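Undergrad: Before I ask anything, let me first share the structure, which is written out below as structure tokens.
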Amino acid sequence: MLVEHLSGTINNIRQNKTRAFLTMLGIIIGIAGVIMIISVGAGAQSIIINQVKDQGSNLLAIFPGNTDEEGPPAAVFGITITTLTNEDILSLKNSKRLQYVEDVSSYVQGTDTVSWKGHTAEATFIGSSYAVPNVESAAVEYGNFFTVEDEKSLQRVAVLGADIAENIFGDENPIGEKIKIEKHNFKIIGVMEKRGSSGFSNNDTNIYIPVTTAQKLLLGINHISFARVKISDESQIERTAEIIEEILKERHDIDIGGLADFDVKNQKDALDVLFSITNAITLFLTSIASIALLVGSIGIMNIMLVAVQERIREIGLRKAVGATKKDIFLQFLIETIFMTLIAGIVGILIGIAISYVIAIIVQSLNYEWHFSISTLSIILGAGVSGFIGLLSGIVPAIKAGKLNPIEALTYE
Amino acid sequence: MNKKKNKPIIDITDIKKEFVNEEVVTKVLHGINFSIEPGEFLAIMGPSGSGKSTLMHILGFLDTPTSGTFLFDGVDVSKLTDDQLAEMRNTQIGFVFQAFNLLPKTSVLDNVILPLLYTQFSKKERLEIAKQAIDAVGLTHRINNLSNQLSGGEKQRVAIARALVNNPPIIFADEPTGNLDSKSGLQIMQILQDLNISQNHTIILVTHEKYTAEHAERIIKLRDGKLVSDSPVSERVLANNETELKK
Ligand SMILES: Nc1ncnc2c1ncn2[C@@H]1O[C@H](COP(=O)(O)OP(=O)(O)OP(=O)(O)O)[C@@H](O)[C@H]1O
Ligand SMILES: [Mg+2]
């Protein structure tokens with residue numbers, strides 16, 4: 001019986017090629033679209049996350065300002081908080097309690113006009129510790145990075161990022177040249193290796209100068225923007241963060257239970273923030289996909305409803321020659337399940353294939369794009385389209401079920 | 001006329017039918033009474049709109065009367081369940097619709113085989129039976145043509161083949177020769193008359209033509225939804241003799 005219904009189904013679909021094709025196309029596009037959009041969302045998320053991970057998972061960052069478990073530090077919103085100093089950070093390096101701290105670096109930054117022999121450019125200068133090459137795992141290509149002595153004696157020396165070195169000096173060797181930042185001459189002692197962009201910032205356009213020089217000479221401040229702490233044993237990162245918090249609270253005369261005026265974040269915290277952003281993007285994409293799916297589904301419904309008249313007449317005829325309600329319902333159920341199933345499978349395959357092709361293309365452009373297909377997207381796409389497909393197939397059967405054969409045969 | 005002593009297969013009393021479309025009530029049948037015995041060949045005549053098709057639909061279990069009783073073989077049809085009605089349509093009657101009602105974009109074979117899909121016959125038997133029915137209406141050469149590729153007369157013959165395919169004891173034919181030339185019409189009448197005379201099938205035929213009606217044994221006339229005459233045919237036309245004559 002079932003086999004007969006199925007062969008009848010195939011006949012029926014053959015006889016109504018256009019309708020079957022359009023319906024199936026609607027389902028295919030709906031499912032493939034959802035899978036693709038969500039996969040692309042996840043891929044884009046993986047690019048961002050991977051870039052953050054590249055910076056090393058053995059770093060702690062310390063920001064001035066209140067601890068807030070949720071969301072980014074206050075500095076992100078452009079609020080200047082002066083509670084963290086270079087001395088705070090240096091104290092961490094020398095503390096006996098922090099045996100896993102390998103190196104530390106304070107940072108301040110500013111943007112100013114940089115000039116050399118008539119070339120001028122707006123550039124970001126980073127006041128940092130001599131420890132930057134170690135902390136950031138960044139190598140110096142020519143010359144040297146500045147030393148602890150340079151830092152202590154507020155030397156006017158600078159190390160250029162690879163891009164800015166090329167922008168200002170082109171093919172010429174910058175080592176030993178003097179550039180002007182604001183009104184002050186800085187001697188160039190090194191050029192960094194090209195690092196590429198990381199997260200949202202490009203390190204290759206930075207000019208590194210000693211943090212002390214930047215604070216006193218260029219910015220006239222005592223506080224720092226943030227600091228990085230490199231941990232020698234990754235497994236100790238959480239514990240180390242706790243001890244740093246205790247030490248800094250002591251230095252700032254804050255009770256152990258009190259609210260800190262700084263914030264120690266490990267990379268997981270940073271990732272969590274990023275995840276909360278990218279998850280929001282994924283959610284947004286998912287809702288767009290859902291709308292697309294809904295529109296597609298309405299399309300399917302429309303096609304099916306146009307066909308209802310024809311189908312109801314067919315049902316009328318089948319009833320007139322002896323089909324029972326059950327026969328009719330079974331036929332329509334099998335027909336729509338068959339069509340929806342095939343369309344669903346094709347849709348899923350196409351969705352995966354397109355997502356895969358996109359992943360291959362993006363990966364070939366040297367991005368760390370992670371190809372993934374979420375089960376949720378398959379369930380969502382297949383569920384909604386399948387449901388609408390089934391519904392639109394069964395509606396005529398239910399409608400016609402209430403009519404006698406003549407009413408169905410003359411249905412308009 | 002010794003048949004008339006039999007118990008009627010169809011017996012209707014005061015059958016009324018009205019259609020209600022958006023508050024507009026159309027009264028079509030105004031209380032019809034008659035009975036048909038097994039093996040009878042009855043013709044129904046009457047002007048267009050007099051309610052012939054409506055009556056046929058009711059007798060063929062395709063539509064329900066607004067009031068009145070319809071006994072089929074002594075059983076009150078209004079008491080039958082949906083599934084019993086489906087079974088009746090499948091096994092007791094064959095219906096040739098005035099408007100053919102073929103499945104669109106479907107082959108002659110698939111159209112004719114349709115009633116057999118709801119029987120216990122095997123696939124092979126169905127095919128065999130359907131081919132015979134198609135042969136009986138002379139359409140073997142069109143067996144794989146789609147219904148929309150057929151002429152009006154060919155469509156009508158497909159509709160007849162479909163009505164015959166289940167070999168039902170009662171056949172309703174709503175103007176089965178309406179679209180046919182006299183020779184093809186004659187063929188159809190020959191088939192129907194043969195079913196009636198040699199196989200004792202009950203035939204109920206609607207026609208406008210007096211001559212076609214005279215192939216039956218009895219003629220009922222409707223006017224404005226009322227039965228206006230019910231009389232036996234005095235000189236029945238025999239389709240076989242005509243073919244002899246024409247040869
Ligand atoms: N569903 C319906 N709704 C309203 N009126 C209907 C409906 N079906 C039929 N009628 C009306 O009932 C009347 C009888 O129709 P019917 O088809 O029985 O006539 P008929 O005798 O078969 O005519 P013809 O010889 O033209 O086929 C007509 O006036 C028709 O308009
Ligand atoms: Mg009619």
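Undergrad: Among B:PHE95, B:VAL25, B:THR13, whose Cα projects farthest towards the positive end of the dipole of the protein assembly as shown, with charges put on the beta-carbon of Lys, Arg (+1) and Asp, Glu (-1)?
TA: With unit charges placed on the Cβ atoms, the residue in question is B:THR13.
Undergrad: Counting only protein heavy atoms and rolling a 1.4 Å probe, how much accessible area do B and A lose on contact, total for both sides, in Å² to 100? Don't skip to the answer; put the middle values down first.
TA: On the way: alone 12730 and 21110 Å², together 31850 Å².
For B against A, buried area totals roughly 2000 Å².
Undergrad: Arrange the residues B:PHE97, A:PHE387 by how much accessible surface each exposes, largest first, with a 1.4 angstrom probe. Intermediate results must be reported in sequence, preceding the final value.
TA: Working: B:PHE97 5, A:PHE387 125 Å².
The most accessible residue leads, giving A:PHE387, B:PHE97.
Undergrad: Let me ask something else about it. Counting only protein chains, not ligands or nucleic acids, how are A:PHE284, A:PHE145, A:PHE63 ordered by accessible area (probe 1.4 Å), most first?
TA: Ranked list, largest accessible area first: A:PHE284, A:PHE63, A:PHE145.
Undergrad: Specify which residue in the list A:VAL229, A:LEU219, A:ILE254 is farthest towards the positive end of the charge dipole of region A:84-260, using unit charges on the beta carbon of Lys, Arg (+1) and Asp, Glu (-1), about the Cα centre.
TA: Selected residue: A:LEU219.
Undergrad: List the aspartates and glutamates whose Cα sits under 18 Å from the Cα of B:LYS7, skipping any in the same chain fewer than 8 residues away.
TA: In chain and number order, the partners are B:GLU37, B:GLU40, B:ASP73, B:ASP76, B:GLU217.
Undergrad: Further question: What average count of beta carbons from other chains do you get within 10 Å of the Cβ of residues in A:322-331?
TA: For peptide A:322-331, the averaged partner shielding equals 5.
Undergrad: Rounded to the nearest whole Å³, what is the per residue volume of the convex hull around the Cα atoms of the protein assembly as shown? Write down the numbers at each step before the final one.
TA: Numbers: hull volume 166.9 nm³, N = 659.
Roughly 253 Å³ of hull volume per residue.
Undergrad: Only four residue types carry charge here, +1 at the Cβ of Lys and Arg and -1 at the Cβ of Asp and Glu. Report the dipole size of region A:84-260 about the Cα centre in Debye, rounded to the nearest 20.
TA: On the way: 18 positive and 28 negative charges, 109 e Å.
Dipole size: approximately 520 debye.
Undergrad: Okay, moving on. Taking R0 as 45 Å, what's the FRET efficiency between A:GLU166 and A:ILE281 from their Cβ-Cβ distance, rounded to 0.05? It would help to have the intermediate numbers written out before the result.
TA: Values: r = 34 Å, r/R0 = 0.75.
Using R0 = 45 Å, I get an efficiency of 0.85.
Undergrad: How many Å² of accessible area per residue for region B:189-234, probe 1.4 Å?
TA: Working: 2130 Å² over 46 residues.
Here the per-residue accessible area is 46 Å².
Undergrad: Still on this model: Using helices alone, what [θ] at 222 nm do you get for the protein assembly as shown, with -39,500 (n - 2.57) per DSSP H run of 4 or more residues, divided over all residues and rounded to the nearest 500? Numbers along the way, then the final one.
TA: Numbers: 19 runs with 298 residues, N = 659.
About -15000 deg cm²/dmol.
Undergrad: Follow-up. Let me check I have the definition right: for region A:84-260, take the eigenvalues of the Cα gyration tensor, multiply each by 5, take square roots. What are those semi-axes in whole Å, largest first?
TA: That gives 32, 17, 13 Å for the three semi-axes.
Undergrad: Could you go through region A:89-102 in sequence order and give the Karplus-derived ³J(HN,Hα) for each residue, using 6.51 cos²θ - 1.76 cosθ + 1.60 with θ = phi - 60°, rounded to whole Hz, and x for Gly and Pro?
TA: Values, residue by residue: 6, 4, 5, 5, 5, 8, 5, 5, 6, 10, 6, 9, 7, 8 Hz.
Undergrad: To continue, here is another question. Highest mean first, how do B:9-21, B:184-196 rank when packing is the count of other Cβ atoms within 10 Å averaged over residues?
TA: On the way: B:9-21: 16.2, B:184-196: 20.2.
By packing density, highest mean first, the sequence is B:184-196, B:9-21.
Undergrad: Working from Cα positions, state the angle (0 to 90°, nearest 10) between the long axis of helix A:17-54 and the longest principal axis of chain A.
TA: Its long axis makes an angle of about 10 degrees.
Undergrad: Count, for each residue of B:52-64, the Cβ atoms from other chains sitting within 10 Å of its Cβ, then give me the mean as a whole number. Let's see the in-between values first.
TA: On the way: counts 0, 1, 1, 0, 1, 6, 1, 0, 3, 5, 9, 6, 3.
Across B:52-64, the average partner-chain Cβ count within 10 Å equals 3.
Undergrad: Which lysines, on any chain, are close to B:LYS124 with Cα under 26 Å apart, when same-chain ones fewer than 8 places away are left out?
TA: A:LYS319, A:LYS325, A:LYS326, B:LYS105, B:LYS155
Undergrad: Using only atoms on other chains, find how many Cβ atoms lie within 10 Å of each Cβ of peptide A:402-411 and report the average. It would help to have the intermediate numbers written out before the result.
TA: Numbers: counts 0, 0, 7, 10, 10, 4, 1, 6, 4, 0.
Mean shielding count: 4.
Undergrad: I've got another one for you. Whenever you get a sec, compute what percent of the accessible area on region A:84-260 sits on carbon and sulfur atoms (1.4 Å probe). Before the final figure, lay out the partial values.
TA: On the way: 3790 of 8550 Å².
Roughly 44 percent, rounded to a whole number.
Undergrad: Listed here are the pairs B:LYS131/B:LYS221; A:LYS402/B:LYS226; B:LYS52/B:LYS123; which of them are more than 32 Å apart at the Cα?
TA: Numbers: B:LYS131/B:LYS221 36 Å; A:LYS402/B:LYS226 30 Å; B:LYS52/B:LYS123 36 Å.
From B:LYS131/B:LYS221; A:LYS402/B:LYS226; B:LYS52/B:LYS123, over 32 Å: B:LYS131/B:LYS221; B:LYS52/B:LYS123.
Undergrad: I've got another one for you. Mind counting lysine pairs for me in region A:84-260? Cα separation below 13 Å, and the two need to be 8 or more apart along the chain or on different chains. Before the final figure, lay out the partial values.
TA: Details: A:LYS93/A:LYS230; A:LYS117/A:LYS178; A:LYS117/A:LYS180; A:LYS152/A:LYS216; A:LYS178/A:LYS187.
Close lysine pairs found across region A:84-260: 5.
Undergrad: Among the aspartates and glutamates, select those whose C-alpha is under 12 Å from the C-alpha of B:LYS183, and discard any that sit fewer than 8 residues away in the same chain.
TA: Reachable aspartates and glutamates: B:GLU242.
The values are calculated or read from the model by the stated rules, or taken from the named source; none is laboratory data. Note that the coordinates shown come from a computational prediction; the quantities given were computed from them, not determined experimentally. Glycine gets a Cβ as well: all are built from the backbone with ideal geometry, and neighbour counts include every protein chain shown. In case anyone asks, the SASA skips ligands and DNA or RNA and just uses the protein heavy atoms, side chains included. Shrake-Rupley method; radii C 1.70, N 1.55, O 1.52, S 1.80 Å.
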